[in-house]
Amino acid sequence: MLMTRTTRRELHLGLVFISPWIVGFCVFTLYPLLASLYYSFCDYDVLSRPVWVGLLNYRDLFTDEVFWKSLGNTLVYASVSLPMGIIVSVMVAVLLNQPVPGRGIFRTLFFVPSILPLVAVAVVWLWMFNTRFGLVNEVITAVLPASWGQGPNWLGDERWVKPTIVLASLWQTGGTVVILLAALQEVPQQLYESATIDGGGAWVRFRHVTLPMISPVVYFNLVMGIINSLQVFVMPYVLLGDTGGPNRSGLFYSMYLYQNAFSFSQMGYACAMAWLLFVLIMGLTWLATRGTRGLVYYGGA
Amino acid sequence: MRISRWQKSLTFVPLLAGGVVFALPLWWMVLTALKPIEQTATTPVTFLPRQAYALVDGKRVPVRVLGSLDDSQVRVEVLDAHGGSGRFVEVPQAGILKKIAPRWENFGNAITAMGYFPRYLRNTLVLCMLTVVGTVLSSATVAYGFSRVDWPGRDRVFILLLATMMVPFPVVMVPLYSMFRAMGWIGTLRPLWVPAFFASAFNVFLLRQFFMQLPRDLSESARLDGASELRIFVSIILPLSKPVLVVVALFQFLATWNDFLGPLIYLTDQKDFTLALGLQFFQSQHGGTQWHLLMAAATLVAGPVIVLYFFAQKFFVRGIAMTGLKA
């Protein structure tokens, strides 16, 4: 195809402007993607050249109990924290959208935790969930009858490790709240009014006006939540150390991947894990898109 | 539609309860940071930081209460300017007076205990500055190429750019590490800021949204006047885009300030650590005992973000809403 002089000029100009990204894409994304796929079929420890081993890493993964444990932990965490996070965010956003006194202060209270450094947040939760002197158990002791016994040993008890991390993660849903709030404020008032005239109560208005109108934003947060929660790392790493707590109950996928790469120098193995994670994330995102088709309403936008 | 008082309290009460729960961890962090160590290990908890005083040799002096011997006498250590003086006395329980006294010196002590706090702060600020400058310059340039120049295939390449956002960091982590290692960059700050100068997909996306909304005529008339594309970008488009540039700068500042995984992987020498990594290091070395210093350190690392929020509140809210709604 022949290009006119103007088109060619525009093409050159465009490419010049996006050239920083082209370089960055090739060096920091494309090359690492291909290299990591190659390493995943290799025995590689960074110090020496990678040695091709075929499917060995992938086959080893299937018989690696710790791998399955970390995958299970991550799926449990994601399937609990993600829906809970969305439900809490929708509830808070709907409440904040009402004309209540002190809205700005409440918005600040809910939002600020979500922008704080995760390490600082984790350190604070470590203290909050301290078994003997933590505020959480203090409140439990004060509220519950003494016959129920003491509060749980949150981070020291296998059964409580994941609930602790889920609770701590809920504290940082403020970003989702602000996005939802912005979406709620764009819902036309007439829709609520006509729903009221039709005799709809608060629940009917929420179910048939609010939810459909904010569904694209909920879907967006669902997809982002899948991507992020399957990669959860910093919070459990700081709370539990890289071993993942009692009986590895808090060893998540990214932590085991990191351990393989940087503690055991099993870089090829880590790359195989990373590619499986990539496939899992894409698969679940596709499922979420399929599953919510028909539920997400794009008419308003 | 009139809202009854009953309906109002139906929203206000749960909001208040939720607000208290959300505020609690931060409030507890600051309170603990201001307490003497013995008040971090009491049951039931003490809420406000207090200083005990006792009459010793006819003078009222600050003391640390060590424990009661029986119902009436307690054993205390007299405190001097440096803390414990090593002098222990027994005084009547009734003579102990407790005053609310925040221990501001905990912050200084936490800074000392963290070892290289000034270096951590310096490294973090250097990285913040470089990544903010890098990403604003490069992402704006790239976004301009994706929005205000019409070149064949542009939108298909833009889809590719959006697709790169789907790539999880663990997938590229190992090759990036071995690449930086081959370049001799491990143990330096370079892997943490150099990539910022090559545009980030997310920021390009945000800026492109904004640039597309600016009227085409702006560029057309400037072109007729003979202005070069670079000139149009620098002296027309950029000045009009200040609000979104501030949002990008703010988000990048936060991302760098808060980043943990990057510094954890690339930094090896404690002197090169950032605040986030330094805080985790401090916790792993001294955690579990000196909660007052750990909370003081956490306050020092989280505090600047809170202060920043209060100064740039509207940019935060606008930026978050932009990312969520335009997607």
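The values are calculated or read from the model by the stated rules, or taken from the named source; none is laboratory data. In this text, all values refer to a predicted model and were calculated from it rather than measured experimentally. Neighbour counts run over all protein chains shown; Cβ positions are idealised from the backbone, glycine included. Quick note on the areas: whole protein, heavy atoms, side chains included, nothing else; ligands and nucleic acids left out. Shrake-Rupley method; radii C 1.70, N 1.55, O 1.52, S 1.80 Å.
Brief remarks on what is shown
- Averaging Cα coordinates gives a centre for the range A:239-261 and one for the range B:203-227; these two points are 48 Å apart.
- Between helix B:5-33 and chain B there is an angle of about 70 degrees, using the helix long axis and the longest principal axis of the Cα atoms.
- Positions from the range B:170-184 whose accessible area shrinks by 30 Å² or more when the full protein complex is built, not the chain alone, probe 1.4 Å: B:170, B:171, B:172, B:173, B:174, B:175, B:176, B:177, B:178, B:179, B:181
- Estimated translational D of the protein assembly as shown in µm²/s (Stokes, Kirkwood radius over Cα pairs; 20 °C; 1.002 mPa s): 78 µm²/s
- Cα-only Debye scattering, the range B:229-327: base-10 log of I(q)/I(0) at q = 0.10, 0.21 Å⁻¹: -0.44, -1.07
- Interface residues in the range B:119-159 - accessible area drops by 30 Å² or more relative to the isolated chain, probe 1.4 Å: B:141, B:142, B:149, B:150, B:151, B:152
- Chymotrypsin sites (Phe, Trp or Tyr not before Pro), loop per DSSP, at most 12 other Cβ atoms within 10 Å - longest free stretch of chain A: A:1-263
- Neighbouring partner chain Cβ atoms per residue of A:232-240, average, 10 Å criterion: 3
- Peptide B:273-281 has a mean of 3 when you count, residue by residue, the C-beta atoms of other protein chains within 10 Å of its C-beta.
- Cross-link reach is defined here as a Cα-Cα straight distance under 22 Å, omitting same-chain residues fewer than 8 places apart; for residue A:69 the lysines meeting it are A:162.
- Counting only lysines at least 8 places from residue B:35 when in the same chain, those with an alpha carbon closer than 26 Å to its own are B:59, B:98, B:99.
- Between A and B, roughly 8100 Å² of accessible area is buried in total, ligands, DNA and RNA not counted and the probe set to 1.4 Å.
- In straight-distance terms, cross-link reach from residue B:314 covers every one of the lysines whose alpha-carbon lies under 29 Å from its own, apart from those fewer than eight places away in the same chain; here that gives B:8, B:242, B:326.
- The residues packed around residue B:263, meaning those with a beta-carbon under 15 Å from its beta-carbon, carry a net charge of +1 if Lys and Arg are +1 and Asp and Glu are -1.
- For chain A, a Gaussian network of Cα nodes joined below 10 Å ranks A:34, A:239, A:56 by mean-square fluctuation, and the top entry is A:34.
- Neighbour-limited loop hits for trypsin sites (Lys or Arg not before Pro), the range B:259-327 (at most 13 other Cβ within 10 Å; DSSP other than H, G, I, E, B): B:326
- For the peptide A:97-109, the mean number of other protein chain Cβ atoms found within 10 angstrom of a residue's Cβ is 5.
- Using a cutoff of 8 angstrom between alpha carbon atoms and counting only pairs six or more residues apart, the relative contact order for chain B works out to 23 percent.
- Distance cut-off 17 Å, percentage of C-alpha pairs in the range B:50-101 lying past it: 25 percent
- The 3J(HN,Hα) values that the Karplus relation (6.51, -1.76, 1.60; θ = phi - 60°) gives for the range B:164-176 are, in residue order, 5, 5, 6, 6, x, 4, x, 5, 9, 4, 5, x, 4 Hz. Gly and Pro appear as x.
- Distance from the range B:1-58 to the range A:36-110 (C-alpha centre basis), Å: 32 Å
- Among A:61, A:15, A:287, residue whose mean-square fluctuation peaks in a GNM of chain A (springs only between Cα atoms under 10 Å): A:15
- Placing unit charges on the Cβ atoms of the charged side chains and taking the dipole of the range A:53-291 about its Cα centre, the candidate lying farthest along the positive direction among A:91, A:288, A:257 is A:91.
- Highest mean packing first, where packing is the average number of other Cβ atoms within 10 Å per residue, the peptides B:169-175, A:88-94, B:57-63 line up as B:169-175, A:88-94, B:57-63.
- Other-chain or far-sequence residues with amide H under 5 Å of residue B:74's (modelled H): B:69, B:91, B:93
- Amide H contacts of residue A:43 (H built 1.01 Å from N, under 5 Å, at least 5 apart or other chain): A:51, A:52, A:53
- Under 5 Å between amide hydrogens, built in the peptide plane, is the criterion, and for residue B:50 it picks out B:101 among residues at least 5 positions away or on other chains.
- Axis of helix B:291-311 versus longest Cα principal axis of chain B: the two differ by about 40°, to the nearest ten degrees.
- Of all complete DSSP H helices in chain A, those with a Cα span along the helix axis of 27 Å or greater and a mean Kyte-Doolittle hydropathy of -1.0 or more are A:5-25, A:65-96, A:267-292.
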